[in-house]
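Since the structure comes first, as structure tokens, the remarks are kept for the end.
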Amino acid sequence: MLVHLRTLGCRLNEAELESWAQAFQKKGHQITREQNEAQLIIVNSCAVTQDAVRKSRQLIRRIHRDNPSAKIIASGCYVTLNSDEAAELLGVDLIVSNQDKDRLVELAIQELDIPTMPAMSTEPGEISLFSRGRQRAFVKVQDGCRYRCTFCIVTVARGEEKSTPIEQIVQEVNRLVEQGINEVILTGVHLGGYGSDIEQNLGHLISAILEQTSVPRLRLGSLEPWDLPDNFFTLFNNPRLMPHLHLPLQSGSDSVLKRMARRCKTEEFTQIVAAARAQVPHINITTDIIVGFPGETAQEWQDSFAYIQSIGFGHIHIFTYSTRADTKAATLAEQVPNALKKQRSQQLHKLAEAMKQEFFRQNQDQSFEVLWEGQKEQINAQTHKVFGYTPNYLRVATIIDNSQSLENQILEAKITAITPKYLLAELA
Ligand code: SF4
């Protein structure tokens, strides 16, 4: 059968698509990027915001309209939280909730009478869904979360923490390395909670991957700033562990963090960042901030802004708070007016841009091992610009001759100049 896979939302959804693609290939099916030639289509939906819910519904409807003969399996957070509604959507043949995601291929074969043709099975990895342009791949290592941040629907949709055994992850990483992947990104709902259900922790996992695989670059996905294992920062003594941490702070005001039910207040966050910067050279700390959380007063905003400024982030993902039904925050009083949210978001974007440029300056004249990608920008008839990422997740570009390609190579380069969006570098 020709199978097409689509996803909305987070890196976790993307990593799940990759593992479903591998599993369908093992059963003798083929993966196609052409939606309209597929006989089976899998949709991994999202529900992080009302808008994501709308887009998930829209995607399922559009797929059915464009390819009415294909069977559709719908999974993911929107489907898990609205299974009856999703089941009613035209064209949906099977609903697979988040809790059953690991069995999606098995359920597809069982429930939709899909044949298995082991003889036809292609070697896993022969056709990798989209390992991000063959340089890097996301690997899901855990699901679910025990915490209840008041704005978060993910913890409701994805349930309790569940970790993939270390051996299985090591096998997955080795398989990706065989495919030529140079960078693996570990991802989860609460990555720091890895192993809580199997008497392991994130430190054990990272050490095992660095010892039992030859993956050149191991990167951590978004990591809540708590539940970090002891001696966490000594792990970065291994240069294959990338010196970049995305630590969602969400607000720089402790009273707002309290209403968010966040486990990390500004004092703890300061200590984590100080420890990271003291022990890991060139480390890049990036974060998520929600602007306009219910009840956010002018004073709380000032406190938050001043705190964020005091930390200095390499990059900030800025989210303007929007009410998400079925979350505790949606019931909180004093929703912030949209005009005020917009104003605060603009202020923070300006600050974030200034901090990004400052971090660029701190890295100027430094040399890094860059993982180069396929994207090109023609300069003239002889040369073109190519892009890549440093270990501390800075986007760099260099100019090479048209006869050359650096795609998927790790090559040293020296940062020579700064542009608003990326750094310019010269190959060593
Ligand atoms: S820790 Fe993260 S996933 Fe868990 S409830 Fe909070 S925001 Fe959601």
Inset, instruction - Run the quick spin-label model on Asn36 and Asp401: label points 7 Å from Cα toward the beta carbon, then report their separation in nm to one decimal. - result: 4.3 nm
Inset, instruction - Name the long-range amide H neighbours of Leu423: under 5 Å, sequence gap of 5 or more, or other chain; modelled H, no Pro or chain starts. - result: Arg395, Val396, Ala397
Legend entry - Long pairs among Lys265/Lys356; Lys328/Lys421; Lys162/Lys342; Lys27/Lys140; Lys140/Lys258, criterion Cα-Cα beyond 32 Å: Lys328/Lys421; Lys162/Lys342
Inset, instruction - Report ³J(HN,Hα) in whole Hz for each residue of region 236-246, in order, from the Karplus equation J = 6.51 cos²θ - 1.76 cosθ + 1.60 where θ = phi - 60°; Gly and Pro get x. - result: 6, 5, 7, x, 7, 8, 5, x, 9, 10, 9
Legend entry - Hypothetical label at Lys421: residues of region 214-232 whose amide nitrogen lies under 15 Å (7 Å Cα-Cβ projection): none
Inset, instruction - Work out from phi, with θ = phi - 60° and the Karplus expression 6.51 cos²θ - 1.76 cosθ + 1.60, the ³J(HN,Hα) of each residue of region 247-253, listed in order in whole Hz, and give x for Gly and Pro. - result: 10, x, 8, 6, 7, x, 10
Legend entry - Hz values of 3J(HN,Hα) by residue in region 62-74 - Karplus curve (6.51, -1.76, 1.60), Gly and Pro given as x: 5, 4, 5, 5, 7, 9, x, 7, 6, 7, 10, 10, 10
Inset, instruction - For region 26-81 and region 183-229, write down the distance between their C-alpha centroids in whole Å. - result: 29 Å
Legend entry - Cα gyration tensor category, rounded, prolate or oblate, for the chain with a/c compared to 1.5: oblate
Legend entry - Area of Glu85 that stays accessible when all protein chains are in place (1.4 Å probe, Å², to 10): 80 Å²
Legend entry - Per-residue SASA entry for Cys149, accessible area with 1.4 Å probe, Å² rounded to 10: 20 Å²
Inset, instruction - Quote the FRET efficiency, to the nearest 0.05, computed for Glu167 versus Thr297 with a Förster distance R0 of 60 Å and r equal to the Cβ-Cβ distance. - result: 0.75
Inset, instruction - Note down the accessible area of Tyr393, probe 1.4 Å, to the nearest 10 Å². - result: 90 Å²
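The values are calculated or read from the model by the stated rules, or taken from the named source; none is laboratory data. What you see is a predicted model; the values in this text were computed from it and never measured. Neighbour counts are summed over all protein chains in view; Cβ atoms, including those assigned to glycine, are modelled from backbone coordinates with ideal geometry. When the accessible area is computed, the model is the full protein with side chains, heavy atoms only, and any ligands, DNA or RNA have been set aside. Shrake-Rupley method; radii C 1.70, N 1.55, O 1.52, S 1.80 Å.
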